[in-house]
Amino acid sequence: ITTSGSCTDIKPVTVSINAIPDLSITNPAGVCSPNTIDITNTFTDLNSTTGTISYWTDAGATIALTIPAAITTGGTYYIKKTSTGTCSDIKPVAVTINAVPHLNVTNPPAVCAPNTVNITTIFTDLNSTTGTVSYWTDSAATISLILPTAVSASGTYYIKKIATGGCSDKISVKVIIRPLPTVHYVQSPTVVCITDSPLTLTGGSPAGGIFSGTGVTSNTFNPSTAGTGTWNI
């Protein structure tokens, strides 16, 4: 400053222009629940400023994110960096945590050959996820089941569902196809008189079946009940 008479004074003035953080965000890869996501390593500051980092659930940075290193719920969160002179930048980060299918199966009732079993209708997904269902003959899901709607052989089969993000669940189902019995009957005598005493029937194969026919009660044939004639048992 110069006054009249050429009197002067000069003083220094300090001007500070602080760099503003410039956050660059890389959205983390999605995970399957109950896995969590850490967003504390998903960003860089392109201006390399010195400052403090904070994490928030809203764009206004009013509700703090409690555990940014282990987020359990998908959504949009916010990372804020405040540098020297309260210069700051805030950026969103998208977190994806996918639901995992939870299959529940009811083993179908046994059937007799040549009937088949449809295993495509015997399960539910308790988590109601959207995805694709496949059917397998082995627990590792490497050998496809060709006709899951008409399984014709007894065994343990596997149902697998893959939902969004590759999250999957697999469950086993037991199918029982009972073969028709090959029955032969050996009974002596095969010719009896109507007045003969009741005969105990034996020789059925496989064992444990039930005899039926005219004059038959349980495993006993009564000639007087059947009457004269030729009877099939």
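The values are calculated or read from the model by the stated rules, or taken from the named source; none is laboratory data. Quantities reported herein were computed from a predicted structural model and do not represent experimental measurements. Every residue, glycine among them, receives a Cβ derived from its backbone with ideal geometry; neighbour counts consider all protein chains shown. Calculation scope for accessible area: heavy atoms of the full protein, side chains included, ligands and nucleic acids excluded. Shrake-Rupley method; radii C 1.70, N 1.55, O 1.52, S 1.80 Å.
Brief remarks follow.
- Qualifying residues in the range 201-211 (those that are within 48 Å of the chain's Cα centre (by Cα) and of a type outside the set (A, V, I, L, M)) - the one surrounded by the fewest Cβ atoms within 10 Å (Cβ to Cβ): Gly208
- Scanning the range 212-228 for residues that are of a type in the set (Gly, Ala, Ser) and open to solvent by less than 70 Å² (accessible area, probe 1.4 Å) gives Gly213, Gly215, Ala226, Gly227.
- Taking the range 56-103 as the range and being hydroxyl-bearing (Ser, Thr, Tyr), part of a strand (DSSP E or B) and under 36 Å from the mean Cα position of the chain (by Cα) as the test, the residues that pass are Thr76, Tyr77, Tyr78.
- Candidate set: the range 20-52, residues that are aliphatic (A, V, I, L, M) and open to solvent by less than 60 Å² (accessible area, probe 1.4 Å); chosen: the one farthest from Ser168 (Cα to Cα): Leu23
- Considering the conditions (1) touching a Leu at 6+ places or on another chain (Cβ under 8 Å); (2) assigned to a strand (DSSP E or B); (3) open to solvent by less than 80 Å² (accessible area, probe 1.4 Å); (4) not acidic (Asp, Glu), Lys170 is excluded by exactly one of them, (3).
- Only one of Pro109, Pro92, Pro148 that is open to solvent by less than 30 Å² (accessible area, probe 1.4 Å) and at pLDDT 95 or above: Pro148
- Conditions (1) touching a Phe, Trp or Tyr at 6+ places or on another chain (Cβ under 8 Å); (2) of a type in the set (Ser, Thr, Tyr); (3) open to solvent by 80 Å² or more (accessible area, probe 1.4 Å); number of the one not met by Thr164: (1)
- Criterion: touching a helix residue (DSSP H, G or I) at 6+ places or on another chain (Cβ under 7 Å), closer than 20 Å to Ile159 by Cα and open to solvent by 40 Å² or more (accessible area, probe 1.4 Å) - qualifying residue of Thr130, Thr124: Thr130
- Residue among Thr156, Thr137 that alone is within 18 Å of Pro108 (Cβ to Cβ), open to solvent by 60 Å² or more (accessible area, probe 1.4 Å) and either touching a residue at least 12 places away in the same chain (Cβ under 8 Å) or in contact with a Pro (Cβ under 6 Å, 6 or more places away or on another chain) (or both): Thr156
- Residues within the range 53-73 that are touching a Ser or Thr at 6+ places or on another chain (Cβ under 6 Å), open to solvent by 50 Å² or more (accessible area, probe 1.4 Å) and in contact (Cβ under 8 Å) with a residue 12 or more places away in the chain, tallied: 2
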